[in-house]
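Peer 1: First the structure, then my questions, so here it is.
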Amino acid sequence: MVVAITNIEFLNNPARFSDQYSIKVTFSCGAYLPDDLEWKLIYVASPDNETLDQELDSIVVGPVPAEPCQFTFDASPPDPSIIPKEDVLGVAALIITGSYKDREFVRVGYYQNTEYDNEEMRETPPDDIMFDRLVREISSKPRVTRFQIAWDIGPTASSDTAMGAANSAPVPSADDLGEDEEEASMKVDTDTKTAA
């Protein structure tokens, strides 16, 4: 793996649902990358309907030196009008992806819990969603899936060569909450897959 994420920090967590996301990403790079890395933040409210996924923001970083790197970026909150009413409250997925030359090499999933900001409204939610009273909290345990890709940077990339499309990455979903808690807790840098 030429690029390895070493830390992701949400700088404003918890926050109001309508606040921007402020994220600091730290990663190491084992070889000079002459082309850009593209990072995206995706909000997944309905795991069974990919058409409702919202790409909140993307950022391009590069060229990338062979050393530890860090960047911070802000992303807009999800558009409430796209989220089905039944999927607003509770758990959603927040996905950070990293790609090189349009090949996805890492996908980091977090659970985001959205609820009202006071106990009374949490126990008896109003019929109509009051977005200005919603708060969000992002879990501290990410689930990381890494994909072997062809980095095309010479001999150092030979062990990371793979075939296939970056779009084959699975999206962690709220359905995982039905698993045993230990099984459902997100793993850091343990899953490595070859895109097929």
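Peer 1: Determine, for MET121, MET130, the number of other Cβ atoms within 10 Å of each Cβ, and report the residues in order from fewest to most.
Peer 2: MET130, MET121
Peer 1: Let me ask you something else. Would you calculate the convex hull of the Cα atoms in the range 91-141 and tell me its volume per residue in Å³?
Peer 2: Roughly 103 Å³ of hull volume per residue.
Peer 1: Under 5 Å between amide hydrogens, which residues at least 5 positions from TYR32 or on another chain qualify, with H placed 1.01 Å from N in the peptide plane?
Peer 2: Here ALA66 satisfy the definition.
Peer 1: Each residue of the range 134-142 in turn: what ³J(HN,Hα) in whole Hz from Karplus with 6.51, -1.76, 1.60 and θ = phi - 60°, glycine and Pro shown as x?
Peer 2: Going residue by residue, I get 8, 10, 10, 9, 9, 4, 8, 10, x Hz, with x marking Gly and Pro.
Peer 1: In nm, to one decimal, how far is the GLU67 label point from the SER18 one, both placed 7 Å along Cα→Cβ?
Peer 2: 4.3 nm
Peer 1: So, one more: Quick one: length gained pulling LYS85 to MET121 fully straight, 0.36 nm per residue minus the C-alpha distance?
Peer 2: Additional length available on full extension: 11.4 nm.
Peer 1: Going by C-beta contacts inside 10 Å, put PHE73, PHE10, PHE147 in order with the fewest on the left.
Peer 2: So the residues, fewest neighbours to most, are PHE73, PHE10, PHE147.
Peer 1: Let me ask something else. May I ask you to order 40-50, 60-70 by the average number of other C-beta atoms within 10 Å around their residues, highest value first?
Peer 2: 40-50, 60-70
Peer 1: Follow-up. What number does the range 1-138 give for Rg over Rh if you use C-alpha atoms and the Kirkwood radius?
Peer 2: 1.04
Peer 1: Taking θ as phi - 60°, what are the ³J(HN,Hα) couplings along the range 72-82 by the Karplus curve (6.51, -1.76, 1.60), each to the nearest whole Hz, with x for Gly and Pro?
Peer 2: Once rounded to whole Hz, the list reads 10, 9, 9, 10, 5, x, x, 6, x, 5, 8.
Peer 1: Once you have the Cα-Cα distance between ALA31 and LEU52, take 0.36 nm times their residue separation minus that, and quote the gain in nm to one decimal.
Peer 2: Full-extension gain reported as 3.9 nm.
Peer 1: Find how many whole Å separate the alpha carbon centroid of the range 1-63 from the alpha carbon centroid of the range 74-130.
Peer 2: 14 Å
Peer 1: Regarding the range 52-128, what's the average projected area of the Cα-atom convex hull, expressed in nm²?
Peer 2: 7.2 nm²
Peer 1: Estimate the FRET efficiency between ASP128 and ALA150 by the formula 1/(1 + (r/R0)^6), using the beta-carbon distance for r and 45 Å for R0, to the nearest 0.05.
Peer 2: For ASP128 and ALA150, the calculated efficiency is 0.35.
Peer 1: From the phi angles alone, apply the Karplus equation (6.51, -1.76, 1.60; θ = phi - 60°) to the range 101-114 and give each ³J(HN,Hα) in whole Hz, x where the residue is Gly or Pro.
Peer 2: 3J(HN,Hα) across the range 101-114, in whole Hz: 6, 6, 10, 6, 10, 8, 9, 10, x, 10, 8, 10, 9, 10.
The numbers here are math on the coordinates, done by the rules we state, and not lab data. All values derive from a computational prediction rather than experimental measurement. Cβ sites come from the backbone with ideal geometry, for glycine too, and all protein chains shown count toward neighbours.
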